[in-house]
Amino acid sequence: MKIEPRQVEAFLKKPDPRIRGVVIYGNDDGLVAERAVALAKAVCPDLNDPFRVVDIAGDVLKGDPARLADEFGALSMMGGRRVVRVRPAGEESTAALENLVAATAGDALIVIEGGNLTPRSGLRALAETEACLAAMPCYMDNEAALEGLVESAARAQGLTVDADALQWIVERLGGDRGQTRSEIDKLLLYKASDAGKTVTLDDAVAILGDTAAIGIDDVIAATFDGDLTGLDRALDRVFSEGGHPVQLVRSLQRHADQLHVVSAHAGKGGNLESAMFKARGLPRGGPVRQRFERHLRAWPLPRLGASLAAILDAEIECKRTGLPDETIARRLCLRLAQAARTAKARR
């Protein structure tokens, strides 16, 4: 069976006892690992217990496809349900999973970390269709999920997050859950020694502000200005300093969204200042404000609508195709910059 997103948290806390094996897969390696650990701990809290926890590499199962069924039926010397962790795993584990389905007795839980399995994957298809197995997809967090993750982590520490700080943090977090957790933990550790109970924008900038984020601003400027030479330099800088491609795509989307909100409001006869107020996070003055106004003049509503569609397509590509995320992000920036350059030439 396939575990739907709304079912994940409940399943991780209390796995269905009828399920023998769970294949956890997707393009977010950090989330795959996080959920695999949570699921295993729901059965055995101490994952270092040698009597109840077994680790197997997927390639071992290729030469010994009966191993999973044997482990499923084995009993712990000290009592308690056992956990068998298979990682990393791919198509070489399919035959072993078929043997697990056919096993006649046992109660161990098999947790398989399957990586980014495609819809054509035999391992994934088996987990989705067999009643005694489950498939748990893990894809990169969207903006709403990231906001919820930040707020719930802060709440667990007795903290709240200012709205402008939350927006700034989410813009700079990548799509990988492991990296996201690391950044959030770093920020909350900093606040632990602070008497204040609210995470402010100053806190976020002090701890999470980095040169890669600054480089993303340069990418946005060059992309929407149609500056191909500057764009190439800015992209090289972002990715050489660890910038995340999905983070970049989402930053482009936020900028295009803000332009669209302001342009639509102004197009209905609204005052520019009131229109700018409707777009969260815009500065009241300075070079960033000037750049935003320049992009407003260069990108009319129809072109902004097309850009948002292209950005959405790129994010979907990052999640569903085998292309490198950096290649997708670079191609998107180049496409938008060329559109801006062509529009300039026509004026």
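The conditions are (1) open to solvent by less than 50 Å² (accessible area, probe 1.4 Å); (2) touching a residue at least 40 places away in the same chain (Cβ under 8 Å); (3) farther than 30 Å from S193 by Cβ, and A154 fails exactly one of them. Which is it?
(3) is the only condition that A154 fails.
If you take the residues in region 30-48 that are part of a loop (DSSP other than H, G, I, E, B) and in contact (Cβ under 8 Å) with a residue 24 or more places away in the chain, which one is nearest to the chain's Cα centre (by Cα)?
Within region 30-48, the first condition is being part of a loop (DSSP other than H, G, I, E, B), and the residues that meet it are 44-48.
After this cut, where a residue has to be in contact (Cβ under 8 Å) with a residue 24 or more places away in the chain as well, the list is 44, 47.
Working: C44: 27, L47: 26 Å.
Selected residue: L47.
Would you mention how many residues in region 212-257 are of a type outside the set (A, V, I, L, M, F, W, C), over 13 Å from H295 (Cα atoms) and in a helix (DSSP H, G or I)? Break it down stepwise before answering.
Filtering region 212-257 for residues of a type outside the set (A, V, I, L, M, F, W, C) gives 215, 217-218, 223, 225-227, 229-230, 232-233, 236-237, 240-245, 247, 250-251, 253-255, 257.
Still in the list and also over 13 Å from H295 (Cα atoms): 215, 217-218, 229-230, 232-233, 236-237, 240-245, 247, 250-251, 253-254.
Filter once more, so that each one left must be in a helix (DSSP H, G or I): 215, 217-218, 229-230, 232-233, 236-237, 240, 245, 247, 250-251, 253-254.
Total satisfying the criteria: 16.
I'd like the residue in region 1-29 that is modelled with pLDDT of 95 or more and in a strand (DSSP E or B) and, out of all such residues, is nearest to the chain's Cα centre (by Cα).
The extreme case among them is I24.
Considering only residues that are modelled with pLDDT under 70 and of a type outside the set (A, V, I, L, M), which ones fall in region 285-304? Walk me through it before giving the result.
So in region 285-304, the residues modelled with pLDDT under 70 come out as 285-288.
G285, G286, P287 - these are the residues of region 285-304 that are modelled with pLDDT under 70 and of a type outside the set (A, V, I, L, M).
Inspect region 67-81 for any residue being crowded, with 18+ Cβ neighbours inside 10 Å, part of a strand (DSSP E or B) and free of Cβ contacts under 8 Å to residues at least 60 places away in the same chain and give the result as yes or no.
No, every residue in region 67-81 fails to be crowded, with 18+ Cβ neighbours inside 10 Å, part of a strand (DSSP E or B) and free of Cβ contacts under 8 Å to residues at least 60 places away in the same chain.
Within region 90-148, which residues are assigned to a helix (DSSP H, G or I) and open to solvent by less than 20 Å² (accessible area, probe 1.4 Å)? Explain how you work it out, then say what you get.
The initial filter retains those residues of region 90-148 that are assigned to a helix (DSSP H, G or I), namely 91-102, 122-129, 143-148.
S93, A96, L97, L100, L123, A127, L146 - these are the residues of region 90-148 that are assigned to a helix (DSSP H, G or I) and open to solvent by less than 20 Å² (accessible area, probe 1.4 Å).
Within region 49-80, how many residues turn out to be over 32 Å from the mean Cα position of the chain (by Cα) and not aromatic (F, W, Y)? Outline the logic, then answer.
Applying the first criterion (over 32 Å from the mean Cα position of the chain (by Cα)) to region 49-80 yields 50-51, 63-67, 69-80.
Those still in the list that are not aromatic (F, W, Y) too: 50, 63-67, 69-71, 73-80.
Matching residues across region 49-80 total 17.
Are any residues in region 290-340 over 20 Å from V249 (Cβ atoms) and part of a helix (DSSP H, G or I), and if so, which ones?
So in region 290-340, the residues over 20 Å from V249 (Cβ atoms) come out as 290, 293-294, 296-298, 300-302.
Residues satisfying the conditions are Q290, E293, R294, L296, R297, A298, L301, P302.
Conditions (1) at pLDDT below 90; (2) open to solvent by 30 Å² or more (accessible area, probe 1.4 Å); (3) closer than 22 Å to R346 by Cβ, marked per residue:
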{"site": "V238", "(1), (2), (3)": "yes, no, no"}
{"site": "R254", "(1), (2), (3)": "yes, yes, no"}
{"site": "P283", "(1), (2), (3)": "yes, yes, no"}
{"site": "A306", "(1), (2), (3)": "no, yes, yes"}
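Name the single residue that is modelled with the highest pLDDT among those in region 265-280 being part of a loop (DSSP other than H, G, I, E, B) and surrounded by 13 or more Cβ atoms within 10 Å (Cβ to Cβ). Walk me through it before giving the result.
Taking region 265-280 and keeping what is part of a loop (DSSP other than H, G, I, E, B), we get 268-271, 279-280.
Now drop any that are not surrounded by 13 or more Cβ atoms within 10 Å (Cβ to Cβ), which leaves 270, 279.
Values: G270: 61, A279: 54.
Looking at the filtered set, the residue picked out is G270.
The values are calculated or read from the model by the stated rules, or taken from the named source; none is laboratory data. Values in this document were obtained by computation on a predicted structure and should not be read as measured data. Counting neighbours? That spans all protein chains shown, and the Cβs are built from the backbone with ideal geometry, glycine included. Surface areas here come from the heavy atoms of the whole protein model, side chains and all, with no ligands, DNA or RNA. Shrake-Rupley method; radii C 1.70, N 1.55, O 1.52, S 1.80 Å.
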